[in-house]
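Student: Shown below is the structure under consideration.
Derivation of every value follows stated rules applied to the coordinates shown; laboratory data play no part. None of the values given here were measured: they were computed from a predicted structure. Cβ placement follows ideal geometry from the backbone for every residue including glycine, while neighbour counts extend to all protein chains displayed.
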Amino acid sequence: MTLASAPLSSTAAQEPDWGAARQETLEHLQAMIRMNTVNPPGNELQVARYLDSTFKAAGIETHLFEPTPGRGALVARIKGNGSKQPVLIMGHMDVVGVERAHWSVDPFAAEIKGDYLYGRGAIDDKGMLAANLETMLLLKRNVIDKGGTLSRDVIFVANADEEQSGEWGMGWLITHHPELIKAEFALNEGGRVRIVGGKRLYVAVQNTEKVPHTVTVTAHGPGGHASVPLPGNAILRLGRALAKISDYREPVQVNATTREFFARLGAVWPTRDERAAMADVASSDPRRIQRGARILGRTAVFDAVLRNGISATILQGGIRSNVIPTDATATLNIRTLPGQSIDGVVARLKKVVNDSLVDIAVTSRGTDAPASDFASPMFAAIQESARALDPSLITVPYLSTGATDSARLRVWGIQAFGLLPFPLNQDDEERMHGNDERIPLASLEFGTKLVYGAVARVAR
Ligand SMILES: [Zn+2]
């Protein structure tokens, strides 16, 4: 597939040689997929070294770190003229494990079958690393080496340990080398370019995310021999509490990001009742918002962006089949909307459960981060880049229900945006962390152009 791309009127920048760039991006991605970086243990250092030597060969400044044996961090930088603050493009080198028996190909062979490249990490997140790497190489060759300038430094970061704790990843870099990665804007994973009905429909740019917390619900009761049933049985008490929680839903809350998301998406959405519901949710009329939310709420992923979400995840209680335990606990994973208090959610749950022998406690709290500004030059650059590639594509700001490294950056004062730049349909997107993960070759090319176009624009 050939893709239209409007020329960039950047300083000295002509359109890159996309035929050569397409092949080069593919080869880098294949090389990185073939390095097994399943975390744990990670072993990301091999990919960091590969990136280091690739950048060095191109004459780009690099900083290679080994935060702990076998783990790697790589920072590369192309200098601008300093008139604007740097922009950071980032990706993680580790991948999640595979259920080998469920794959139709070797997950680490980077095999091309039909119009797809298969392999663990193809879309999460080595594809983005490859697109970011190619963006750096093209900026160097196409702008700097031709005597052009950039208005800002462009910083490339490849980090480890995103799929586990992050202890050896972005958190480590922020703690140990903040001076190397401080930037005004960052481009990370976390968004999507969605194909619906075979057509590229929208680019969702994540500018904020839900905040994850862990909450336990513990019911207490008298212990004893199971031969004498006790009405205060802790397990049954917990069951009654959970039944009330399962019937309860947090109120609908529309923030600036979700209002804009549904307003813009509603303009192109294919089904009529959902299109109307999106317009309702984006309105400022409370009754219309409730009506729209009822319809959109039938779709779990839409419902999850409209309210604080409560998922039960673990049950514990009892030690033997003939002993009544004195307590039983359920673990809830609660995701609050940005700016919402977890203590407020817990206070409402206590009212709903209304039982003095049931304790509800927060055992771990996520960090709330300010949203990145979707009226910023970075967002505009992504939007222009998308439009140049496909004039029918709309770009929407997006609240993700999952947590990303971008939250750390936002707390630290960087306006981070999440962009998985490869057009994917629902099926291909669901292969992320699943079996037969793959990237359409045309989407790899599109995504590389999208990232390059966005970075070249924001740094011109
Ligand atoms: Zn990822």
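Student: How high is the relative contact order of the chain, given as a whole-number percent (alpha carbon pairs under 8 Å, six or more residues apart)?
Tutor: Values: 980 pairs, mean separation 110.2, N = 460.
It rounds to 24 percent for the chain.
Student: Let me ask something else about it. Hey, could you pull the Cα Rg and Dmax for the range 210-364, both in Å?
Tutor: Gyration radius and largest Cα-Cα distance of the range 210-364: 19.6, 64 Å.
Student: A further question on this structure: For the pair Ser53/Arg320, report the inter-label distance in nm, with labels modelled 7 Å from Cα in the Cβ direction.
Tutor: Going from the Ser53 label point to the Arg320 one covers 6.3 nm.
Student: Quick one: Cα centre-to-centre distance for the range 108-153 and the range 199-228, in angstrom?
Tutor: That distance is 37 Å.
Student: Can you pull the Rg over Rh of the range 119-169, Cα-only, Kirkwood?
Tutor: Answer for the range 119-169: 1.11.
Student: Still on this model: Which value results for Rg/Rh of the range 305-459 when Rg is the Cα radius of gyration and Rh the Kirkwood radius based on the inverse mean 1/r?
Tutor: On the way: Rg = 21.7 Å, Rh = 19.5 Å.
Rounded to two decimals, Rg over Rh is 1.11.
Student: Can you give the Rg to Rh ratio for the range 85-195, taking only C-alpha atoms and Rh from Kirkwood?
Tutor: On the way: Rg = 16.6 Å, Rh = 16.0 Å.
My calculation puts Rg/Rh at 1.03.
Student: Could you state the number of Å between the C-alpha centres of the range 349-409 and the range 231-300?
Tutor: 16
Student: Here's another thing I want to ask about it. Compute the acute angle (0 to 90°) between the alpha-carbon long axis of helix 342-353 and the principal axis of greatest extent of the alpha-carbon atoms of the chain; round to the nearest 10°.
Tutor: For 342-353 against the chain, the angle is about 30 degrees.
Student: Can you tell me what percent of all Cα-Cα pairs in the range 4-105 are more than 19 Å apart?
Tutor: Beyond 19 Å sits 59 percent of the P(r) for the range 4-105.
Student: Among 327-334, 295-302, 188-195, what's the highest-first ranking by average C-beta atoms within 10 angstrom per residue? Mind showing how you got there, number by number?
Tutor: Working: 327-334: 19.6, 295-302: 14.2, 188-195: 23.5.
Result, highest mean Cβ count within 10 Å first: 188-195, 327-334, 295-302.
Student: So, one more: What dipole magnitude, in Debye to the nearest 20, does the chain give about its Cα centre under +1 on Lys/Arg Cβ and -1 on Asp/Glu Cβ?
Tutor: Details: 50 positive and 50 negative charges, 256 e Å.
Charge dipole of the chain: 1240 debye, to the nearest 20.
Student: Just to be sure I understand: if I project the alpha-carbon convex hull of the chain onto a plane and average over all orientations, what area do I get in nm²?
Tutor: Working: hull surface 96.7 nm².
Result: a mean projected hull area of 24.2 nm².
Student: Could you tell me which residue out of Val154, Phe417, Pro338 lies farthest along the dipole of the chain toward its positive end? Charges go on the beta carbon: Lys and Arg +1, Asp and Glu -1, centred on the Cα centre.
Tutor: Pro338
Student: Oh, and also: Out of the DSSP beta bridges found with both residues in the chain, what percent are antiparallel (nearest 5)?
Tutor: 65
Student: Taking the Cα atoms only, what angle lies between the long axis of helix 286-296 and the longest principal axis of the chain, rounded to 10 degrees?
Tutor: Long axis of 286-296 versus the principal axis of the chain: about 80 degrees.
Student: Right, next: Toward the positive end of the charge dipole of the chain, about the Cα centre and with charges on Cβ (Lys, Arg +1; Asp, Glu -1), which of Thr326, Leu357, Leu180 goes farthest?
Tutor: With unit charges placed on the Cβ atoms, the residue in question is Leu357.
Student: Any idea what angle helix 377-389 forms with the longest principal axis of the chain, computed on alpha-carbon atoms, 0 to 90 degrees, nearest 10?
Tutor: 70
Student: Then there's this: Take peptides 116-125, 172-181, 400-409 and line them up by average Cβ neighbours within 10 Å, highest first, as a rough protection proxy.
Tutor: Top to bottom by mean Cβ count within 10 Å: 116-125, 400-409, 172-181.
Student: Cα convex hull of the range 46-142: how many Å³ per residue?
Tutor: Looking at the range 46-142, the number lands at 133 Å³ per residue.
Student: Next question, about the same structure. Toward the positive end of the charge dipole of the chain, about the Cα centre and with charges on Cβ (Lys, Arg +1; Asp, Glu -1), which of Gly453, Ile144, Met128 goes farthest?
Tutor: Farthest towards the positive pole: Gly453.
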